[in-house]
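Asker: If you scroll down you'll find the structure; I have some questions about it.
The values are calculated or read from the model by the stated rules, or taken from the named source; none is laboratory data. The model shown is predicted, which means the values in this text are computed figures rather than measured ones. No Cβ is skipped: glycine too gets one built from the backbone with ideal geometry, and neighbour counts run over all protein chains shown. These area figures cover heavy atoms from the full protein model, side chains too; ligands, DNA and RNA do not enter into them. Shrake-Rupley method; radii C 1.70, N 1.55, O 1.52, S 1.80 Å.
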Amino acid sequence: MEMIFACVVSFAATGLLGWRVILPALRRLKAGQEIREVGPKWHKTKAGTPTMGGLMFIAGSALAMLIAGWPGMLAGDLTHVYVFLFAAVFGVIGFLDDYEKVKRHQNLGLTALQKFLLQLAAAILFLMLMRYEGRLSPTLYVPFFNLSLPLSWPLYMVFAAFVIVGTVNAVNITDGLDGLSTSVSVPVALFFVSVATWWGYTQLGVFAAALLGGLLAFLLFNAHPAKVFMGDTGSLFLGGAVAGMAFAADMPLVLLLVGIIYIVETLSDIIQVVYFKLTHGRRIFKMAPIHHHFEMCGWSEIKIVTVFTAVSTLFCALALFGVMDRMVP
């Protein structure tokens with residue numbers, strides 16, 4: 001019941017705050033998105049669309065999880081607060097990046113090194129907190145096989161930090177079309193609501209449900225043609241939320257399934273860059289990441305988002321099937 005309540009409150013709060021407060025404020029601040037010169041030419045029409053819209057679902061989910069999760073907090077379970085604050089740190093990093101872009105009117109913000117170091121520090125602190133709270137073990141649960149592979153703590157920490165930073169940036173790369181990152185993340189949030197319900201992780205489920213409601217409401221503004229972009233503020237928060245939920249549930253390998261779209265998007269970018277350098281200018285994709293390739297092939301944004309969301313839904317369902325036999329404390 002707490003999860004349903006969290007989802008409904010988050011949907012309502014995100015929609016109301018977005019419509020009456022955040023979107024008007026972004027327009028007054030002239031926080032318009034600058035479009036990269038190397039992107040598809042038809043994206044130029046999106047120039048000036050307000051960015052930093054991720055503040056909508058961040059605020060909405062925060063309000064909902066605090067209200068719905070209050071009884072659990074009184075009982076001493078702060079899991080949802082930890083995951084939210086972890087994701088919020090990435091949201092702040094994204095906000096700083098967005099602010100620099102808006103301030104300088106260029107599609108450039110913090111340097112790659114600055115973002116990497118900030119993200120790495122956030123990842124390490126979160127992992128240490130999860131270990132201290134007893135929610136993390138140096139083992140890797142393998143879906144479908146119901147096995148746990150033990151690792152040493154130092155090796156696990158290095159692996160986990162890499163996975164977190166990689167996940168966050170993969171979600172950021174996916175945010176390249178109207179509603180794309182939002183839509184493919186909806187089934188991911190629903191997956192974590194489902195497993196939290198199955199295993200009795202109520203507070204984690206409250207956060208996942210609040211995120212789900214916030215994303216659904218944000219789609220009212222972000223679906224094609226987008227009235228607002230989530231910006232790095234939203235995409236980095238969303239990446240932190242996805243990674244945070246996976247580690248709070250102590251099963252990071254599930255990200256290989258629920259994060260399939262994020263992974264494919266990132267790999268397409270890496271493959272394109274490496275192949276371009278090795279062949280001195282040749283390309284595998286017409287444009288990377290891969291959603292731009294499909295655009296160049298003539299697919300509409302709506303078709304790309306629909307297909308990618310269907311794939312995300314299918315793999316989240318597969319992941320759910322793969323972890324149902326897991327034994328939890």
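Asker: Counting heavy atoms of the protein chains only and a 1.4 Å probe, report the per residue accessible area for the chain as a whole number of Å². Don't skip to the answer; put the middle values down first.
Answerer: Details: 15110 Å² over 329 residues.
Dividing the accessible area of the chain by its residue count gives 46 Å².
Asker: Starting from the Cα of I4, step 7 Å toward the Cβ, then list every residue of segment 70-84 with an amide N under 20 Å from that point.
Answerer: 70-72
Asker: Quick one: putting +1 on the C-beta of Lys and Arg, -1 on the C-beta of Asp and Glu, what dipole do you get for the chain around its Cα centre, in Debye to the nearest 20? Don't skip to the end; give the middle numbers.
Answerer: Working: 21 positive and 17 negative charges, 197 e Å.
For the chain, the charge dipole is close to 940 debye.
Asker: Counting only C-alpha contacts under 8 Å and six or more residues apart, can you give the relative contact order of segment 53-129 as a whole percent?
Answerer: Relative CO of segment 53-129 lands at 24 percent.
Asker: Longest segment of the chain with no GluC sites (Glu not before Pro) in a DSSP loop having at most 16 other Cβ atoms within 10 Å? Don't skip to the answer; put the middle values down first.
Answerer: Working: sites that count: E34, E37, E133.
My reading of the result: 134-329 is the longest stretch.
Asker: Right, here's the next one. Mind checking which of N169, G244, L278 is farthest towards the positive end of segment 161-287's charge dipole, using Cβ charges of +1 (Lys, Arg) and -1 (Asp, Glu) about the Cα centre?
Answerer: So the residue furthest toward the plus end is L278.
Asker: For segment 264-329, just the Cα set please: Rg and Dmax, both in angstrom.
Answerer: Looking at segment 264-329, its Cα Rg and Dmax stand at 16.7, 54 Å.
Asker: On the protein heavy atoms, probe 1.4 angstrom, tell me the percent of accessible surface of the chain carried by carbon and sulfur.
Answerer: Values: 10740 of 15110 Å².
On the chain, the fraction of accessible area on carbon and sulfur atoms equals 71 percent.
Asker: Quick one: grab Rg to one decimal and Dmax as a whole number for segment 199-311, Cα atoms only, in Å.
Answerer: 16.8, 54
Asker: Arrange the peptides 278-285, 83-90 so that the one whose residues have, on average, the most other Cβ atoms within 10 Å appears first.
Answerer: On the way: 278-285: 10.8, 83-90: 24.9.
Final packing ranking: 83-90, 278-285.
Asker: Kirkwood hydrodynamic radius, segment 79-160, all distinct C-alpha pairs: what's the number in Å? Please report the intermediate quantities before stating the final value.
Answerer: Details: mean 1/r = 0.0673 Å⁻¹.
For segment 79-160, inverting the mean 1/r across all distinct Cα pairs yields 14.9 Å.
Asker: Separate question: If you place +1 on the Cβ of every Lys and Arg and -1 on the Cβ of every Asp and Glu, how big does the dipole about the Cα centre of segment 48-156 come out, in debye to the nearest 20?
Answerer: Details: 6 positive and 5 negative charges, 41 e Å.
Computed charge dipole of segment 48-156: roughly 200 debye.
Asker: Please state the Cα pair-distance histogram of the chain with 10 angstrom bins from zero: what percent is in each bin?
Answerer: With a bin width of 10 Å, the distribution comes to 6, 27, 36, 23, 8, 1, 0.
Asker: Taking Cα centroids, how far is segment 67-101 from segment 266-315 in Å?
Answerer: If we compute the Cα centre of each part, the gap is 31 Å.
Asker: Projected onto the charge dipole of the chain (+1 at Lys/Arg Cβ, -1 at Asp/Glu Cβ, origin at the Cα centre), which of S137, A6, G54 gives the Cα projection farthest towards the positive end?
Answerer: Projecting each Cα onto the dipole axis, the largest value belongs to G54.
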